[in-house]
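The values are calculated or read from the model by the stated rules, or taken from the named source; none is laboratory data. Quantities reported herein were computed from a predicted structural model and do not represent experimental measurements. Every residue, glycine as well, gets a Cβ built from its backbone with ideal geometry; the counts of neighbours run over all protein chains shown.
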Amino acid sequence: MSQDEGQPRVPPSSRLAVGVCTRDRPDALVRCIRSLHALGELQGDVIVMDDGSRVPVEPALREALGRDAPPGLRVLRNETSRSLAAGRNAIARATASPYVLNLDDDAAIVDPEAIRAVVAVLDTDPRVGAVALAQGDEQGRAWPPHAQPAPVTVRSRVATFIGYGHVLRRDALLGVGGFREALGINGEEKELSIRLLDAGWRVVYLPDAVVCHVADQAGRDKRRYLHQTVRNDVLGALYTLPFPLMLGGAMVRLRRYFHMRKGWEIDDPEGFPGVLRQLAPGAREALGARTPVRWSTVREWRRLTQEPVPYHGPEE
């Protein structure tokens, strides 16, 4: 008898869906999906978005998992990559669960109590739209504060989350239009977070809620990361900052290229012109689809970026 037949199927309407976007990292994906057993009754839908892997992941994934395949596992596939942002939007639309735990394919659940703590926050505070998780090693030991969504050691309201592990209130995500798909990856979390803030939602970081994140180097390129980060920071300013702040904001973000290249010691033959070439088509689209936030939102965003606010729960 298979595991699916031996225990009750978790209904897709349960509170927590798990979404994993993947591309050409089969071993990391198997580890990630196996780790979900730790969630027990918390786990509802498990939706894998195969974003254009050279070899479709579903047959090998199901063979590797065998009876360990979690109830509710579904694999969606884009024949050609549509980006991480698009994949996470598709996952949110494909579930009825009110909360969506998004994990990178090279992340994994170590301690289910971390996720229980997140669900408790979302259940008790209807103003929380996103919860950031801490990242740690395979034993669940948290990385230093500077490597986290915010350099704090207490639960705090923060400006944004990081994509490797976070939980979104589905209605909040879809209510603000989802991730900005034109950004793809690297910086899409910040752009979403400022729109959530403008809509009245909070982002809360739980430093005591740790997920394993052992970065798989497949598909990672520091030069591409630099270009994408600068490009998306500039586009985020064009999409969301009120005029005329967007002009100054875009220039400040462009200048960061030089500091980041030097600080990260990246050899970049294409250099700054390469960033501008990538930016040009996206800038035209961003200017035509601007949804500027309020000035008060910008002030609050900056305050949270500089000094996160300790979070004590819904009573504050």
Any chance V119 is modelled with pLDDT of 95 or more, in the same structural domain as H166 (by TED's automatic domain parsing), of a type in the set (A, V, I, L, M) and closer than 22 Å to A215 by Cα
no
Here is a check on your reading of the model: is G178 surrounded by fewer than 21 Cβ atoms within 10 Å (Cβ to Cβ) and either outside any loop (DSSP other than H, G, I, E, B) or not assigned by TED's automatic domain parsing to the domain that holds K262 (or both)?
yes
Filtering the range 46-70 down to residues that are modelled with pLDDT under 95 and surrounded by 17 or more Cβ atoms within 10 Å (Cβ to Cβ) yields A69, P70
Verdict on R299 being surrounded by fewer than 16 Cβ atoms within 10 Å (Cβ to Cβ), closer than 15 Å to L241 by Cβ, more than 23 Å from the chain's Cα centre (by Cα) and charged (D, E, K, R):
yes
Residue selected from the range 136-154 under the condition small (G, A, S) and touching a Phe, Trp or Tyr at 6+ places or on another chain (Cβ under 9 Å), by the criterion surrounded by the fewest Cβ atoms within 10 Å (Cβ to Cβ):
G136
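Yes or no, residue by residue, for (1) out of contact with any strand residue (DSSP E or B) (no Cβ under 7 Å at 6 or more places or on another chain); (2) surrounded by fewer than 16 Cβ atoms within 10 Å (Cβ to Cβ); (3) assigned by TED's automatic domain parsing to the domain that holds V176; (4) farther than 17 Å from R302 by Cβ:
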{"position": "T240", "(1), (2), (3), (4)": "yes, no, no, no"}
{"position": "F243", "(1), (2), (3), (4)": "yes, yes, no, yes"}
{"position": "G249", "(1), (2), (3), (4)": "yes, no, no, no"}
{"position": "R253", "(1), (2), (3), (4)": "yes, no, no, no"}
{"position": "I266", "(1), (2), (3), (4)": "yes, yes, no, yes"}
{"position": "G271", "(1), (2), (3), (4)": "yes, yes, no, yes"}
{"position": "V275", "(1), (2), (3), (4)": "yes, no, no, yes"}
Criterion violated by L192 - all others in (1) farther than 27 Å from R23 by Cβ; (2) crowded, with 24+ Cβ neighbours inside 10 Å; (3) not β-branched (V, I, T) satisfied:
(1)
Here the residues within the range 28-69 that are over 16 Å from N102 (Cα atoms) and touching a residue at least 40 places away in the same chain (Cβ under 8 Å) are G40, R67, D68, A69
Evaluation of H37 against (1) at pLDDT below 95; (2) in contact with a Ser or Thr (Cβ under 9 Å, 6 or more places away or on another chain) (one fails), failing number:
(2)
Test set (1) within 21 Å of H213 (Cα to Cα); (2) touching a Ser or Thr at 6+ places or on another chain (Cβ under 7 Å) - R155 fails condition number:
(2)
